[in-house]
Amino acid sequence: MSGSLSPLFRPERVAVLGASSNPEKMGFQIFRNIVDAGFRGEIIPVNPKGETVLGRPSIKSAAELPEGTDLAVVIIPAKLVPATMLQLGERKVRAAIVISGGFAESGDEGAAIQEEMTRNAAKFGIRVVGPNCQGVNYPYHGLCASWPLITRRGDIAFISQSGTVGAAMIDWASEDRLGFSAFVSMGNRADVDEADLIEFFAADPNTKVVSLYIEGVKDAGKFLAAVRKCRKPVVIFKAGRTERGRKAAESHTRSLAGKDEIYDAVFRQFGIHRAHSLEDLYDFSKALAYLPAPAGPRMLIVTSSGGSAIIATDVAEEEGFRVTPLPADLAARLRQMLPSHCIVGNPLDLTGDTDAARYRKVLDAAAGQYDVVMSIFGDPIPGACDVITPGRCELVAYLGGADVERAERVLLHEKKIAVFPTPERAVRALACHARFHREKFPLLEEPVGLARGAEDKKALTAAASLRLLSDAGFPVVRYVHALTEEEAVSAAGKIGYPVAVKINSPDITHKSDVGGVILGIADEAGVRQAFRGIAGAGKRAGARDEGVVVSAMAAPGHEVIVGVVRDLQFGPAVMFGMGGVLVEALGDVSVRVVPLSGNDAAEMIDGIRGARLLKGYRGGKPADTAALKDLLLKVSDFAARNPDVAELDLNPVIVYEKGLAIVDARVVPSDGAG
């Protein structure tokens with residue numbers, strides 16, 4: 001149904017059908033909330049007994065309403081609503097909020113009542129919120145046709161399929177002294193839905209951010225049209241991510257919840273900020289409403305708590321921000337003005353004896369040198385509210401300050417400065433400004449799986465690595481180390497064609513990157529060509545020439561990687577994942593510290609996303625996971641028995657239906673190993 005939603009939010013005359021003089025009844029509570037919220041228009045109680053409600057005489061029927069009443073709030077039994085909707089239409093009522101339950105959410109009989117109500121409303125062009133909802137609260141018009149009674153005004157419109165979830169959001173916002181621009185509980189969405197409301201609040205002058213809790217969209221095409229036109233940030237917490245959650249969502253409102261993967265794709269495609277919890281929904285909305293977008297990724301962290309700053313740094317780097325070192329001139333000035341026990345760096349630790357004035361000095365000195373400045377007040381610091389400047393990209397986390405913290409947080413929020421209770425929540429909320437602008441806020445490319453050592457470590461050559469493993473009883477593919485072209489040709493003849501030829505240099509870690517791997521060579525001419533090409537590639541890379549490795553071509557199978565690295569604290573750890581170049585591309589790995597148990601090895605195999613492929617996905621041949629488990633245990637034992645091996649890569653390992661083969665390997669000795 002089309003038609004203006006203005007009568008729902010800016011009515012001049014409101015009728016409450018089911019108004020009651022009994023304080024225990026919903027009809028009394030909502031009527032009182034409309035009165036107490038400061039609604040300045042006419043309020044008409046409708047009660048079949050003609051009761052006086054809060055000093056206002058009632059009329060007995062909707063048929064007695066003055067013609068052209070803007071809004072009817074309906075709190076009567078469901079079975080009476082369809083006929084009442086016809087009466088409202090005859091009196092030219094423009095909109096209705098149906099609080100009552102007992103409609104589609106209750107079963108087939110209720111669904112039929114809801115359908116009749118919707119038809120009757122559409123006949124007269126009445127816009128309907130609900131049924132089975134918690135109403136509408138629009139504090140900028142003094143309208144609280146809902147509960148609880150909250151009147152603090154702010155910049156965020158909260159729209160919710162769940163009345164309780166939406167009420168929690170506005171309660172948090174009110175308690176934080178931030179307020180809200182509107183609250184709409186959609187209920188069963190017989191008429192007005194999320195798309196209608198996004199469109200309305202996109203044009204609402206009192207709303208900066210549109211935030212929604214939904215379990216599914218009612219009309220996908222209409223929804224996409226609304227978000228496409230909306231120029232304000234939209235934040236959505238879409239519940240029902242799992243199969244059981246989706247079924248629960250469909251049961252809740254008797255509407256389709258849809259596939260979560262599609263929702264995730266739509267949100268990304270249309271720049272919608274997806275929240276994964278109620279805290280996210282609130283935090284993201286708060287940041288987008290009250291924190292300006294940073295111009296770039298450079299972040300300065302100023303703190304009284306070293307631990308909190310470390311937490312903030314980790315999350316900032318993960319989210320696309322860069323906690324870069326202090327410029328030399330700024331560092332020099334700060335050392336002159338700060339006590340000697342302060343840690344001048346980024347993060348900049350003012351230590352626990354700091355006060356607000358010390359923060360102010362630092363922020364003034366650093367003005368203009370970073371895109372965003374984060375202040376972490378990690379102690380009771382009176383006057384913190386006077387340190388932060390409204391309208392600047394200054395991120396605030398306040399924690400560990402007890403009563404002082406609570407008082408300062410209120411004062412900051414009254415200045416429209418967003419404050420967050422933990423460093424990670426603060427940075428993740430700020431990251432809403434970066435999420436759809438990765439050209440300015442690129443994510444770090446961290447090493448996959450285990451943290452590797454520096455690439456210039458003295459690794460063994462491929463031939464030496466394979467020999468070490470072969471001597472230890474590992475199932476290494478047949479190979480020969482060849483120093484000359486003639487030796488390579490002879491080796492290929494002994495192994496049997498086809499063969500692979502690979503560069504054998506301790507200076508080349510990723511052989512394929514420099515053209516150092518030639519596969520599937522079928523004859524002598526191919527071996528000679530490969531040897532010469534690899535020799536040239538090594539020379540161009542400036543690598544030491546120690547010949548080539550000629551090896552048998554392994555039959556096709558499942559490629560996996562098995563590795564070992566030594567941690568300074570925990571000792572050796574084993575890594576397992578999908579192999580070949582896929583380990584770098586997919587990052588699909590599992591890790592356990594040595595020694596591994598049989599259960600550890602099994603969990604490592606089952607714990608990667610690619611485990612389905614190893615089990616014979618869609619008609620593919622299954623991998624010999626028993627042999628793979630044995631290999632993981634053997635690698636664990638090898639790492640424990642050989643402390644002189646710092647790192648080990650078996651990549652790829654080809655796993656067949658029966659057995660497996662190690663095709664390539666890299667071993668890095670420990671410092672000082674002979």
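The values are calculated or read from the model by the stated rules, or taken from the named source; none is laboratory data. These numbers were taken from a predicted model, which means no experiment stands behind them. Cβ coordinates were reconstructed from backbone atoms using ideal geometry, including for glycine residues, and neighbour counts include every protein chain displayed. Accessible surface is based on the protein model in full, side chains and every heavy atom, while ligands, DNA and RNA are left aside. Shrake-Rupley method; radii C 1.70, N 1.55, O 1.52, S 1.80 Å.
Extension gain, Asp630 to Arg435, is 65.9 nm, computed as 0.36 nm per intervening residue step minus the present C-alpha separation.
Beta bridges assigned by DSSP with both partners in the chain are antiparallel in approximately 50 percent of cases.
Between the amide H of Ala72 and those of Ala15, Ala95, Ala96, Ile97, distances stay under 5 Å, these residues lying 5 or more places away or on another chain, with hydrogens modeled in the peptide plane. Amide H to amide H, with H built 1.01 Å from N, Leu212 comes under 5 Å of Ile159, Val235, Ile236, Phe237, counting only residues 5 or more places away or on other chains. Could you work out the relative contact order of the chain? I mean the mean sequence separation of Cα pairs under 8 Å and 6+ apart, divided by the number of residues, in percent. About 7 percent, as a whole number.
So which aspartates and glutamates pass the test for Lys222, namely a Cα distance under 16 Å, with those fewer than 8 places away in the same chain ruled out? Cross-link targets: Asp191, Asp193, Glu194, Asp196, Glu199. Placing unit charges on each Cβ (+1 for Lys and Arg, -1 for Asp and Glu) gives the chain a dipole about its Cα centre, and among Leu444, Val128, Ala295 the Cα reaching farthest toward its positive end belongs to Val128.
Amide H contacts of Gly616 (H built 1.01 Å from N, in plane; Pro and chain starts excluded): Ala623 sit under 5 Å, all sequence-distant by 5 or more or on other chains.
Sites listed here are trypsin sites (Lys or Arg not before Pro) in region 118-205 whose DSSP assignment is loop and whose Cβ has at most 14 other Cβ atoms within 10 Å: Arg152.
Once you order the gyration tensor axes a ≥ b ≥ c over the Cα atoms, which shape class does region 85-166 get: rounded for a/c under 1.5, otherwise prolate or oblate by comparing a/b with b/c? Here region 85-166 falls in the oblate category. Charges were assigned to the Cβ only: +1 to each Lys and Arg, -1 to each Asp and Glu. The resulting dipole of region 199-241 about its Cα centre is roughly 180 debye.
You can think of it this way: the chain between Asp355 and Arg244 has 34.9 nm of extra reach, that is 0.36 nm per residue less the Cα-Cα gap. All other residues with a Cβ under 10 Å from the Cβ of Ala203 taken together, and with Lys, Arg as +1 and Asp, Glu as -1, what is their net charge? Net local charge, Ala203 excluded: +1. Computed over protein heavy atoms with a 1.4 Å probe, the accessible surface of the chain works out to 43 Å² per residue.
Can you give the FRET efficiency for Asp545 and Tyr497, using 1/(1 + (r/R0)^6), R0 = 30 Å, r = Cβ-Cβ distance, to the nearest 0.05? It comes to 0.75.
Here the dipole of region 53-129 is about 320 debye; that uses its Cα centre as origin and unit charges on the Cβ of Lys and Arg (positive) and Asp and Glu (negative). Each residue of region 372-389 is assigned a 3J(HN,Hα), and the resulting list reads 8, 10, 9, 9, 10, 8, x, 8, x, 10, x, x, 4, 5, 8, 8, 8, 9 Hz, derived from the Karplus form 6.51 cos²θ - 1.76 cosθ + 1.60 (θ = phi - 60°), x at Gly and Pro. Per-residue Karplus couplings for region 432-442, computed as 6.51 cos²θ - 1.76 cosθ + 1.60 with θ equal to phi - 60°, are listed in order as 4, 6, 9, 4, 9, 9, 5, 5, 9, 10, x Hz, Gly and Pro entered as x.
Here are some pairs, Lys634/Lys658; Lys232/Lys416; Lys49/Lys92; Lys494/Lys658; Lys25/Lys238; which of them have Cα atoms lying more than 27 Å apart in this structure? Among Lys634/Lys658; Lys232/Lys416; Lys49/Lys92; Lys494/Lys658; Lys25/Lys238, the Cα-Cα distance tops 27 Å for Lys25/Lys238. For the chain, the dipole from Cβ point charges (+1 on Lys and Arg, -1 on Asp and Glu) about the Cα centre works out to 1540 debye, to the nearest 20.
Between region 609-658 and region 1-57, what is the separation of their alpha carbon centroids in Å? Comparing the Cα centres of region 609-658 and region 1-57, I get a distance of 70 Å.
Over every pair of different alpha-carbon atoms in region 537-658, take the mean of 1/r and invert it; report that Kirkwood radius in Å. The answer is 15.6 Å. Oblate is the label for region 261-300. Its Cα gyration tensor axes, ordered a ≥ b ≥ c, give a/c of at least 1.5 and b/c at or above a/b. Of the options Ile34, Ser211, Leu468, report the single residue whose Cα projects farthest towards the positive end of the charge dipole of the chain (beta-carbon charges: Lys, Arg +1; Asp, Glu -1). Of the listed residues, the answer is Ile34. Within region 469-543, the proportion of Cα pairs with more than 18 Å between them is 41 percent.
Find out how many positive minus negative residues lie around Thr84, taking Lys and Arg as positive, Asp and Glu as negative, among other residues whose Cβ is under 14 Å from that of Thr84. Neighbour charge sum, excluding Thr84 itself: +2. Couplings for region 546-554, taken from phi via the Karplus curve 6.51 cos²θ - 1.76 cosθ + 1.60 with θ = phi - 60°, read 10, x, 9, 10, 9, 9, 5, 6, 6 Hz in order; Gly and Pro are left as x. Taking every DSSP helix (H) stretch of at least 4 residues in the chain, weighting each as -39,500 (n - 2.57) and dividing the sum by the residue count yields a mean residue ellipticity at 222 nm of -10500 deg cm²/dmol. Structural descriptor for region 544-630: relative contact order 20 percent, calculated from alpha carbon pairs under 8 angstrom and at least 6 residues apart. When the Cα gyration tensor is reduced to axis lengths a ≥ b ≥ c, the ratio a/c is 1.5 or higher for region 376-431, and with a/b not above b/c it is classed as oblate. Principal axis extents of the Cα atoms in the chain, from largest to smallest and rounded to whole angstrom, are 108, 70, 41. Per the 1.4 Å probe, what fraction of the accessible area of the chain, in percent, lies on carbon and sulfur atoms? Using a 1.4 Å probe with all protein chains present, the chain comes out at 51 percent carbon and sulfur. What is the percent of Cα-Cα separations in region 32-141 that go past 20 Å? Here the tail beyond 20 Å accounts for 41 percent of pairs. Translational diffusion of region 597-674 was estimated from the Stokes-Einstein equation, with Rh taken as the Kirkwood radius over Cα pairs; at 10 °C and 1.306 mPa s the coefficient is 115 µm²/s.
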